[in-house]
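Taking it in order: structure first as structure tokens, then the write-up.
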Amino acid sequence: MIPLGQEKIKFIISVAREYREGSLAMVSEELSETHSSDSYTEHNLANIVESSSSEEHAMDSAYNDLKAAIENLNEEERFALVALMWTGRGTYNPDEFEKAMINARSADNHHTAEYLIDTPLLPDYLEEGLIQMSDDD
């Protein structure tokens, strides 16, 4: 069982999607001013966004909302969010969720929000983790 409510997880997924879409739009706008759009695909833009650090987006309200949503979780909930992301990414399978929680606790460095925000495909991994965990019930 995930020690984090589904509503909180779904909220974080929605804010993470908003942040990711805003980042892609920002990069696209910047590139259109100086480059031909023919040479950039959505995949290329995603790679550029993923390679930029979260600090570059600190003024972005979606970034701030996502960071606040993660930081407002209690410690166990943050560990569960990391474990869920790892499960959705395929690092752990649903049967290993407790092991993922233990490893999230031991890896904690008080930068969980930045780690998650900088994770490529965060909303997709969280969504997949939820699906896998609900299939496991």
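Students often check this: by mean Cβ neighbours within 10 Å, which of 68-74, 104-110, 80-86 ranks highest, and how do the rest follow?
80-86, 68-74, 104-110
For the range 59-137, report the accessible area per residue in Å² (1.4 Å probe, heavy atoms, rounded to an integer).
Per-residue value: 50 Å².
Rounded to two decimals, what ratio of Rg to Rh does the range 72-137 give with C-alpha atoms and a Kirkwood Rh?
For the range 72-137, the value is 0.94.
Quote the convex hull volume per residue of the range 59-101, based on C-alpha atoms, as a whole number of Å³.
Enclosed volume per residue, from the Cα hull, is 67 Å³.
Can you tell me the FRET efficiency between R105 and Q6 if r is taken as the Cβ-Cβ distance and R0 is 25 Å, rounded to the nearest 0.05?
0.70
Under 21 Å between alpha carbons, and skipping anything fewer than 8 positions from K67 in its own chain: which lysines qualify?
List returned: K8, K10.
Can you pull the percent of the range 67-120's accessible area that's carbon plus sulfur, 1.4 Å probe, other chains left in place?
Carbon with sulfur: 47 percent of the solvent-accessible area.
The values are calculated or read from the model by the stated rules, or taken from the named source; none is laboratory data. All values derive from a computational prediction rather than experimental measurement. Neighbour counts run over all protein chains shown; Cβ positions are idealised from the backbone, glycine included. Note: areas computed on protein heavy atoms with side chains; ligands, DNA, RNA excluded. Shrake-Rupley method; radii C 1.70, N 1.55, O 1.52, S 1.80 Å.
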